[in-house]
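The values are calculated or read from the model by the stated rules, or taken from the named source; none is laboratory data. These numbers come from a predicted model, not from an experiment. Note that we place each Cβ from the backbone using ideal geometry, even for glycine, and neighbour counts take in every protein chain shown.
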Amino acid sequence: MIFFFFLFFCFLFLLLFLLAHTVLILGIGNNLLTDEGIGIHAITALIPDLGQAEHIRLLDGGTLSFTLAAEIESVNHLIVIDAAQLNSPPGTVKIFNNDAMDHFLGHSKRSVHEVGLLDLMDIARLTDHLPEQRTLIAVQPEILTWGEQLTPAAASALPTIISAVKKQQI
């Protein structure tokens, strides 16, 4: 009987360990607005390489909603991929980690989504569940008009995005 309790607690510990060390890769955007959908396209491109990893969750976050707060609060490593106004040439990729991500999100209205990423980070911060590691992989869009395909500039950023995700110690 003691052996079964031991196995149960080992299993429980392993489960909690895996849940606590989960990486959420969150692609956000509207794939009906050309380059605004870069985060969604990136998630699709990451599936072949990372889709089977048990400790990684790839999530199409769409145009964000408060329902994503629970997803963000449940991980210790968050990687977000999104189009952002970087004041750079189209297709430019910039990476913001931890405090730099918080600073970038907090210093101007950069989201075209109904609920901003900053709002979701604030919810996690207020509930004391802010992921320890946070990364924003931001891409300068060329256009944000109706269309399901990325512009060539944004599409050319996909290999850089994939490489940046893989370098995030996941």
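On the basis of being touching a helix residue (DSSP H, G or I) at 6+ places or on another chain (Cβ under 6 Å) and either assigned to a strand (DSSP E or B) or in contact (Cβ under 8 Å) with a residue 24 or more places away in the chain (or both), does Glu54 make the cut? Considered against the rule, which asks whether it is touching a helix residue (DSSP H, G or I) at 6+ places or on another chain (Cβ under 6 Å) and either assigned to a strand (DSSP E or B) or in contact (Cβ under 8 Å) with a residue 24 or more places away in the chain (or both), Glu54 comes out as no. Return the residues of the range 81-104 that are charged (D, E, K, R) and surrounded by 15 or more Cβ atoms within 10 Å (Cβ to Cβ); say none if nothing qualifies. Answer for the range 81-104, where residues must be charged (D, E, K, R) and surrounded by 15 or more Cβ atoms within 10 Å (Cβ to Cβ): Asp82, Lys94, Asp102. No other residue among Phe104, Phe66, Phe96 is in contact with a Phe, Trp or Tyr (Cβ under 6 Å, 6 or more places away or on another chain) and farther than 16 Å from Ile161 by Cα apart from Phe104. Note on the range 133-148: among residues that are part of a loop (DSSP other than H, G, I, E, B) and in contact with a helix residue (DSSP H, G or I) (Cβ under 7 Å, 6 or more places away or on another chain), the one that is surrounded by the most Cβ atoms within 10 Å (Cβ to Cβ) is Pro141. Residues of the range 65-76 that are in a loop (DSSP other than H, G, I, E, B) and surrounded by 20 or more Cβ atoms within 10 Å (Cβ to Cβ): Val75 alone. Pull up the range 120-154, narrow it to residues that are acidic (Asp, Glu) and over 20 Å from His77 (Cβ atoms), then point me to the one that is modelled with the lowest pLDDT. Checking each candidate, the answer is Glu148. Looking only at residues of the range 28-62 that are of a type outside the set (Asp, Glu) and in contact with a Ser or Thr (Cβ under 8 Å, 6 or more places away or on another chain), we find that the one that is surrounded by the fewest Cβ atoms within 10 Å (Cβ to Cβ) is His55. All of Leu130, Leu117 fail the test of being buried (at least 21 other Cβ atoms within 10 Å of the Cβ) and within 16 Å of the chain's Cα centre (by Cα), apart from Leu117.
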